[in-house]
Amino acid sequence: MPAPNKGKGVWRNKVVSIRVSRLTKSFRTRSKQEGLAGSWRALWKPEWRQVPAVRDISFLMERGEALGFIGPNGAGKSTTIKILCGILHPDSGTAEVLGHVPWQDRQQLCYEIGSVFGQRPQLWYHLPPVDSFHVYGAIYGLDRDATRRRVDFLVDVFELQHLLHTPVRKLSLGQRMRCEVAVSLLHAPKLLLLDEPSIGLDIVAKQRIRDTIRYMRDEEGVGVLLTSHDAGDIEALCNRVIVISDGQLIFDDTMDELKRRHLTAKQVNVRYLEEGERSLPMAGVETVAAGRYGMQIRFDPRTVGVDAVISGLNGLGSMVDITISDPDLEDIIGTIYAENALDPDAA
Amino acid sequence: MARKRGLGFVGALWRVNLLSAMEYRVPFIMQLGGMMLNNVIYFAFWVLFFDRFEEVQGWTLRDMMLLFAVVASGLGLAMMLFGNCRAIARIVAAGDLDRYLALPRPVLLHVLASRSSVPSMGDFVFGLIWFVLAGDVTAAHVLRFLLAVVLSACTFTASLVLANSLVFWLRRSELLADHFMNAMITFSLYPGTLFDGAARVFLFTVVPAGLTGALPVEMLRDFNAATLGWLCVGTALLAAFALLAFQVGLRRYESGSAIVARI
């Protein structure tokens with residue numbers, strides 16, 4: 001079992017908001033051969049198979065922590081979040097969220113958590129967000145005054161003044177998503193479960209969503225469990241990250257540790273004054289791209305010295321510019337997936 | 001934060017459904033009026049029929065008016081208040097139950113109250129008008145009529161929940177649920193005395209249309225405690241089965257990853 005990376009001693013004095021142990025969930029799926037003949041056979045003699053979605057996952061999350069939950073498509077992120085919200089029942093294993101077993105105390109738990117599923121809007125499409133806010137106030141059992149006070153606060157924090165009375169259908173995706181996140185915070189939850197909140201958003205809208213979530217995390221102490229395919233979301237909001245792949249937990253540690261362990265390569269971009277053939281035939285150095293006036297290479301500084309690489313590049317001509325950088329988080333995550341020999345597009 | 005745990009949220013959902021429907025003024029009025037006109041045209045057949053034959057096994061044109069009044073108002077009330085009872089199969093098949101399960105309220109009640117059908121408001125009003133036109137608008141008769149409408153609405157809701165809950169086992173049963181609803185409406189609008197034997201058993205069990213039309217009208221024609229008792233017991237049993245089927249089925253819910261552009 002992949003145990004939580006933190007030792008028990010580290011967790012002893014901390015308040016745990018999520019405790020997951022050996023969680024497993026699979027779905028029964030009908031398998032069918034292609035074409036009409038396959039469909040005909042499946043009609044009379046269907047074949048079923050169990051598809052594992054989550055396999056023996058265990059982890060802990062501290063109260064008020066911001067935890068990133070990443071993995072390729074079909075890795076089991078959404079299934080795990082849905083189990084933690086009480087939407088799905090696991091096949092085996094245990095989970096506690098804020099002291100509740102989600103699939104047994106779903107209603108009670110929902111008063112204490114907020115959730116946003118980026119692919120499933122919550123606001124009434126034809127009405128302005130203010131009407132949805134009041135309905136959700138009633139759903140969470142808040143009286144009108146309490147709802148109004150909270151709406152005023154959220155409108156202020158999320159800068160929704162100009163959006164509040166515009167029908168949702170007329171809002172941009174980014175504006176709508178800000179309202180979606182705001183409505184999930186209406187009942188002052190202790191924990192926010194966000195499943196791809198930035199899906200489909202442009203960079204400006206993403207930044208605004210990140211800023212407001214970060215504000216609520218810092219000001220109200222709201223814990224955040226975030227899944228996203230955008231490494232920028234994770235980097236901006238989370239101090240700890242869990243990587244899940246093919247239903248299994250493959251990494252659970254701080255963001256710094258993720259970088260330290262996987263930032264094994266340096267990337268160099270170099271430009272030359274003169275035109276010429278560009279290649280650096282040096283063991284341990286990989287040419288990523290090469291042109292007439294420049295090239296991009298990658299190497300592992302633990303096996304090849306930086307000074308050796310620089311002098312090699314210097315010997316190729318007169319350099320006018322050189323940049324040495326770390327690969328971005330996107331590349332690191334890609335490397336982790338690749339190391340686990342998985343197809344990132346596997347559904 | 002102080003919380004109220006009552007059913008006030010259902011009222012808030014109905015209110016927002018009405019607001020949502022009224023957002024488009026012309027379609028709202030057209031749908032409402034269109035459904036009433038549709039019912040009038042449908043009833044014209046019975047006017048022509050009873051012009052040739054005075055009665056059908058004891059049922060007169062007035063009884064048919066009462067039948068249409070009860071069924072239209074009952075179905076209208078069910079669809080106005082619990083409009084999603086006919087859409088549960090679609091909601092489950094698309095994995096849209098997630099948004100209800102992520103909120104702190106009883107799932108079935110929340111799902112049912114989250115949609116109000118505008119044309120059904122036309123049905124409801126049509127039923128009231130037809131009741132008045134049928135005559136005998138005494139206080140006692142009005143009370144009996146309202147009771148019949150409420151019981152009919154409960155039966156429509158419960159039977160549609162039951163039929164739609166098959167989706168938890170069959171995975172795709174939207175069309176089956178649609179056919180069931182059509183059968184319920186069709187068989188509800190026949191004179192109660194037209195069927196006997198196996199057909200009558202069928203109409204009080206498999207497609208319980210007898211509970212939404214014939215029996216409530218029997219109660220209006222000749223009010224007695226036994227008929228009311230049977231109606232109440234039948235409705236309560238159906239409601240219990242519907243609740244049980246939904247709750248048991250809910251454990252089999254598998255969610256989904258469909259991308260929904262809007263709700």
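Every number here is computed from the coordinates shown, using simple stated rules; none is lab data. Keep in mind that this is a model prediction, so the values were computed, not measured. FYI the Cβ positions are ideal-geometry reconstructions off the backbone, even for glycines, and counts take in every protein chain you see.
Only one of these is out of contact with any Ser or Thr (no Cβ under 9 Å at 6 or more places or on another chain) and under 22 Å from B:MET80 (Cβ atoms): B:LEU176, B:LEU151, B:LEU133. Name it. First the steps, then the outcome.
Working: B:LEU176 fails: under 22 Å from B:MET80 (Cβ atoms); B:LEU151 fails: out of contact with any Ser or Thr (no Cβ under 9 Å at 6 or more places or on another chain).
From the options B:LEU176, B:LEU151, B:LEU133, the qualifying one is B:LEU133.
Restricted to segment B:166-263, the set of helices (runs of 4 or more DSSP H) holding at least 2 residues that are in contact with a Lys or Arg (Cβ under 6 Å, 6 or more places away or on another chain) comprises B:174-188.
Please specify each residue of segment B:126-153 satisfying the condition of being under 22 Å from B:ALA209 (Cβ atoms) and surrounded by fewer than 20 Cβ atoms within 10 Å (Cβ to Cβ). Result: B:LEU128, B:ARG144, B:LEU146, B:LEU147, B:VAL150. Residue pairs whose Cβ atoms lie under 8 Å apart, separated by 6 or more positions or on different chains, with the first residue in segment A:58-81 and in a strand (DSSP E or B) and the second surrounded by fewer than 22 Cβ atoms within 10 Å (Cβ to Cβ) and of a type in the set (Ser, Thr, Tyr), are A:SER58/A:SER21.
Criterion applied to A:LEU84, A:LEU109 was being assigned to a helix (DSSP H, G or I), more than 9 Å from every other protein chain (Cβ to nearest Cβ) and in contact (Cβ under 8 Å) with a residue 24 or more places away in the chain, and the one residue passing it is A:LEU84.
Condition check ((1) buried (at least 18 other Cβ atoms within 10 Å of the Cβ); (2) aliphatic (A, V, I, L, M); (3) not in a loop (DSSP other than H, G, I, E, B)) across all residues:
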site: B:LYS4; (1), (2), (3): no, no, no
site: B:ASN17; (1), (2), (3): yes, no, yes
site: B:SER20; (1), (2), (3): yes, no, yes
site: B:PHE28; (1), (2), (3): no, no, yes
site: B:ASN39; (1), (2), (3): yes, no, yes
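Give the residues of segment A:87-106 that are more than 8 Å from chain B (Cβ to nearest Cβ) and either in a strand (DSSP E or B) or in contact (Cβ under 8 Å) with a residue 24 or more places away in the chain (or both), sorted by residue number.
A:PRO90, A:ASP91, A:SER92, A:GLY93, A:THR94, A:ALA95, A:GLU96, A:VAL97, A:LEU98, A:HIS100
For residues that are touching a residue at least 24 places away in the same chain (Cβ under 8 Å), in contact with a Phe, Trp or Tyr (Cβ under 8 Å, 6 or more places away or on another chain) and in a strand (DSSP E or B), scanning just segment A:283-321, find the one that is surrounded by the most Cβ atoms within 10 Å (Cβ to Cβ). Filtering first and then ranking leaves A:VAL285.
Under 30 Å from B:LEU166 (Cβ atoms) and either within 14 Å of chain A (Cβ to nearest Cβ) or not aliphatic (A, V, I, L, M) (or both): is that true of B:ARG86 in this structure? Taking the combined requirement at face value, the residue satisfies it. Scan segment A:16-24 and give yes if some residue there is at negative phi and part of a helix (DSSP H, G or I), otherwise no. Within segment A:16-24, not a single residue is at negative phi and part of a helix (DSSP H, G or I).
Pairs are defined by a Cβ separation below 7 Å, a sequence spacing of at least 6 or placement on different chains, a first member in segment B:196-222 that is free of Cβ contacts under 8 Å to residues at least 12 places away in the same chain and on the phi < 0 side of the Ramachandran plot, and a second member that is in a helix (DSSP H, G or I) and hydroxyl-bearing (Ser, Thr, Tyr); no pair meets this definition.
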